[in-house]
Amino acid sequence: MAKTKRFFYTLSLLLILSVSGAGQKVDLSSPLSIQIKEGKLENALQTISDKTGLRFAFRNSLIQDIKTPGKKYNALLDSILSDLLTPHRLCFTIQNNQVIIHQKCISTTYKISGLVFEKETSQPLPYVFVSIAGKNTGAIADHNGYYEFETAISNHSFDTLVFSSMGFERDTLIIPMGKTENLIFFLKKKIYSMDPVVIYPTEYLSEKEGNNRDYEAGSLYIDTHGQQTALYVKNKKEQKGFISSVEYYLSDKGNTDAPFRVRIYEVDTAGKPGCDLIQDAVIVKPQKAEGWYSIDISKLKIPFSENGVFIAIEGVFPDEINDYYGDSEFINLASPAEKDPSEMLAYGQRIGYNRKCRKDTWHYSMSKVWFQLDKQSFGVMIAAVVKYEKQRQKDDNHETHKL
């Protein structure tokens, strides 16, 4: 007898609790006018049931601690239920005259999309980097300023979008958690200000560092799915300075008008690329047939550490694949033998390489790990123009400069 009672007690905890009403069957295609009082979610569902005749089925543990604010609705039933349930990560399925509340249909991600414009001209702003604060996710807008990506749903009720592009003010937009599409956002041009400085005739000495030879032994395809190739650029002078420009040797075997992103990393304690030194996204779309392509970043005042830096190139995946179609083969650094070159399309740039700086070349895999090749090693042709500070020594009679 005791076992029988315990069985029925356990079964009662697992049964679906149903709320039923005696109202008329509701037309789901017509707006429903209803007043929901502040209180338990269960009471709100009972009110809807009394009004519509719908029966609600749910496990008591799903809703027992949920409170709802008082609110008057004049909307479709789907909209009312979504407003009540979605904030609590609950969803529903309507079958015949029954509404089943559960969690199975809840997506773990939601979609974000929109357009970015330049505020002063109202023209689309291409290649803006759109990311979410606190999350390692985002996308780069295409040449029409359109972006689209998915991100994980968290326990917060909102996310913060961060918009960044070189030459424009970084800005943010708070969006509600859930489906957020067709956003419109405007970025203002950035005004760079500099502290007053005393100008001397030969205050800086510019030198090109890195793999700056003109000889190209071959070229490496820059994958357009976020993979990167970087060169460790040493500070041979071991003096302070800043990077005024970065240069990449672009091969005519790739799509030389395809966009790519400039990345500069500090050296971490393990000697690998560490934190990104560029706060805003620097994305360029060169118009050059072949050879060295230079990007002026002097306004960013990126310091050239005495430990050197890593300068990388990252492919940007275009939406209009046909615009970047090429006939050169695809090189997968992780497993080149598995790819059939005749079946591959090249959407992005190809960067030149030679036998110099082979030990200083690094690659970033799809698994988000920096690595070096054990075989087929080569040095990518990346360079930087560095402006070194000249060291000054003063005495009572004269001022001298030391390099």
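The table below lists the values:
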item: Test: residue in the range 67-87 that is assigned to a loop (DSSP other than H, G, I, E, B) and more than 22 Å from Pro176 (Cα to Cα); result: no
item: Residues satisfying the stated conditions in the range 167-200, i.e. under 21 Å from Pro126 (Cα atoms), at pLDDT 85 or above, assigned to a strand (DSSP E or B) and not hydrophobic (A, V, I, L, M, F, W, C); result: Asp171, Thr172, Glu181, Asn182, Lys189
item: Members of the range 149-166 found to be loosely packed, with under 15 Cβ neighbours inside 10 Å and not in a loop (DSSP other than H, G, I, E, B), listed by number; result: Glu150, Ala152, Phe158, Thr160
item: Residue among Ile100, Ile106 that alone is surrounded by 12 or more Cβ atoms within 10 Å (Cβ to Cβ), in a loop (DSSP other than H, G, I, E, B), more than 18 Å from the chain's Cα centre (by Cα) and at pLDDT below 90; result: Ile106
item: Residue match in the range 130-138 (condition: free of Cβ contacts under 8 Å to residues at least 24 places away in the same chain, assigned to a strand (DSSP E or B), buried (at least 16 other Cβ atoms within 10 Å of the Cβ) and on the phi < 0 side of the Ramachandran plot); result: no
item: Contacts under 6 angstrom Cβ, first residue in the range 172-188 being under 14 Å from Phe158 (Cα atoms), partner β-branched (Val, Ile, Thr) and surrounded by 11 or more Cβ atoms within 10 Å (Cβ to Cβ), 6 or more apart; result: Thr172/Thr160; Thr172/Val162; Ile174/Thr160; Thr180/Ile112
item: Residue, farthest from Tyr265 (Cα to Cα), within the range 342-367, restricted to residues that are at pLDDT 70 or above and among the polar types (S, T, N, Q); result: Asn354
item: Single residue of the range 356-384 satisfying the filter (more than 16 Å from Arg263 (Cα to Cα) and in contact with a Ser or Thr (Cβ under 9 Å, 6 or more places away or on another chain)) that is surrounded by the fewest Cβ atoms within 10 Å (Cβ to Cβ); result: Lys359
item: Residues of the range 127-142 satisfying the condition of being touching a strand residue (DSSP E or B) at 6+ places or on another chain (Cβ under 8 Å) and of a type outside the set (S, T, N, Q); result: Tyr127, Val128, Phe129, Val130, Ile132, Ala133, Gly134, Lys135, Gly138, Ala139, Ile140, Ala141
item: Residues (surrounded by 15 or more Cβ atoms within 10 Å (Cβ to Cβ) and assigned to a loop (DSSP other than H, G, I, E, B)) located in the range 109-129; result: Lys119, Leu125, Pro126, Tyr127, Val128
item: Strands (runs of 3 or more DSSP E) lying entirely in the range 201-317 (those with 1 or more residues that are at pLDDT 90 or above and touching a Pro at 6+ places or on another chain (Cβ under 6 Å)); result: 228-233, 241-250, 260-267, 291-296, 309-315
item: Selection within the range 88-97 - surrounded by fewer than 13 Cβ atoms within 10 Å (Cβ to Cβ) and either at negative phi or in a strand (DSSP E or B) (or both); result: Thr93, Gln95, Asn97
item: Any hit, the range 52-72, residues being of a type outside the set (Phe, Trp, Tyr), at positive phi and more than 37 Å from the chain's Cα centre (by Cα); result: yes
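The values are calculated or read from the model by the stated rules, or taken from the named source; none is laboratory data. Nothing here was measured: the structure is a model prediction, and the numbers come from that model. Cβ coordinates were reconstructed from backbone atoms using ideal geometry, including for glycine residues, and neighbour counts include every protein chain displayed.
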